[in-house]
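Remarks on the structure that follows.
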Amino acid sequence: MVLENGTEAFAVWQDPPAPVYMQFYFFNLTNPEEMLKGERPAVTEVGPYTYREYRPMESVTFTDNGTKVAAVNPKTYVFEPNMSRGLEDDLIRTVNIPAMVVMERFKDHSFISRIISDLMTAGGMTLFVTRPVAELLWGYEDPLLKELHLIDPLLDDYFGLFYKMNGTNDGEYVFLTGKQNYQDFARVDLWKGQSSLNWWSSDECNMINGTNGASFHPVITKTERLYMFSSDLCRSLYATFDSEVRVSGIPAYRFVPPSEVFANMTVNPDNAGFCVGGNCLGSGLLNVSVCKEGAPIIMSSPHFYQADENYVQDVFGMRPKKEDHQTAIDINPAELNPYSVTLFCHLFHIHIVAIDHCFSSFCFSSYSQTENVKTLVFPVMYLNESVLIDPDSARKLSALLAKASVVINIPFIVISLGIILGVVFMALLCCLRTPEVRPPPVFSNPFLRDDQAVPIFTRCFGVLDHLGTFKF
């Protein structure tokens, strides 16, 4: 299978027919006053708020004799109220991330730190905000950022978890088409003109490996690793075979990222390069502040699934569960199957959190708002990006699998028929063969006269004479 204009594989890659949905889950803080006094926060999960995601490949250009293809992948989100548990104007109380961002940015500047603290006090701002879902996701004008914009014009006075990410792309990709090697199908060769990242402290952690997670090469085996690059996670990761499943009646292999992918360097030394500024977090967490313009943001699986237990215990309301919070990709492994890209997948469950050491008075000695807050990692939200094959594509795939099964079994059918015909031919040959006439041998005995010699007759029987089937 090759990414080539005019083929069905290219059409599916360029504009996936299966619907893609992005679901956002928020953690609503229920005890802000107690948390300010040093108690552990209590949160309740709210959502999902579901959006239909449109992600066509645009500005497609083939290069290097068709071995590479460049494209951008803009994503547009449209709210789906019938698939949501709540509306976009639902109010969510969460940590004041803009305040955390500027506190972190200016923590070594005592004069600006004092200005930030005074502005928050004068404006009645705290470490927490209550905002509608739509504003938290897509952006709102923040009063603190608006005031600080006068001091630092480069500081945007709008903030949102997905601010400027609706209808935009994350940069140009150059993919390999698989023309030279089928295992390179849709593999990322360059992102933003670079073959590697520059955020992390080791070459291995900076590698761009695999596809963008939306498609994979054909003929998937249980023993291989599926590599993916995620610009949202600012890194590459991989998944390994977990089990055989069925999706819409179609057999598939389930691949999941093993725990060592996000393990601490003491568990997986290969992850040492992900330590930021010499600060290595526990297993299950990834500090992405280096690729998020210095914002104190940490990523993990939902509810700190597969993370160190202390993170779960620090926040009341965390209930990690494999069935609900594990990232999984279900892929049909059939050969020459353009729908093997993703049958059903949970991609990149993400928590966006405020960095732990920036919640203490030691870190923010100039901020009275943080003086009693316990040092912890606070969960803000997570997302579930899923693709479930649509009925029309499922029917097409079932038909392709049936054809593929016939094609794959043709050699074995021919061999079996050849063996059967060969046995029949040999049996008929033996049945029709005329026996050679020979004089009967005579057993000579020195104690008998010649006229008393005993003739021994030989008789040729058919190959199945001992079964009584036939003889000649």
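The values are calculated or read from the model by the stated rules, or taken from the named source; none is laboratory data. Given the structure is predicted, the values throughout are model-derived calculations rather than measurements. Note that each Cβ is placed from the backbone with ideal geometry, even for glycine, and that neighbours are counted across all protein chains shown.
Quick look at the numbers
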read-out	value
Yes/no for residue 237 being in the same structural domain as residue 294 (by TED's automatic domain parsing), more than 24 Å from residue 65 (Cβ to Cβ), without any contact (Cβ under 8 Å) to a residue 12 or more places away in the chain and among the hydrophobic types (A, V, I, L, M, F, W, C)	no
Residue match in the range 25-40 (condition: at pLDDT 95 or above, in a helix (DSSP H, G or I) and in the same structural domain as residue 304 (by TED's automatic domain parsing))	no
Matching residues in the range 108-151 - criterion: being surrounded by fewer than 17 Cβ atoms within 10 Å (Cβ to Cβ), under 30 Å from residue 78 (Cβ atoms) and of a type in the set (Asp, Glu)	141
Residues of the range 212-238 that turn out to be crowded, with 19+ Cβ neighbours inside 10 Å, of a type in the set (Lys, Arg) and part of a loop (DSSP other than H, G, I, E, B), as a count	0
Failed criterion for residue 197 (all others in (1) over 30 Å from residue 323 (Cα atoms); (2) surrounded by fewer than 16 Cβ atoms within 10 Å (Cβ to Cβ) hold)	(2)
Test result for residue 177, β-branched (Val, Ile, Thr), in contact with a Pro (Cβ under 8 Å, 6 or more places away or on another chain) and at negative phi	no
Residue 154 being crowded, with 18+ Cβ neighbours inside 10 Å, free of Cβ contacts under 8 Å to residues at least 60 places away in the same chain and more than 31 Å from the chain's Cα centre (by Cα)	no
Residue that is nearest to residue 290 (Cα to Cα) [pool: residues in the range 259-278 that are touching a residue at least 24 places away in the same chain (Cβ under 8 Å) and in a helix (DSSP H, G or I)]	274
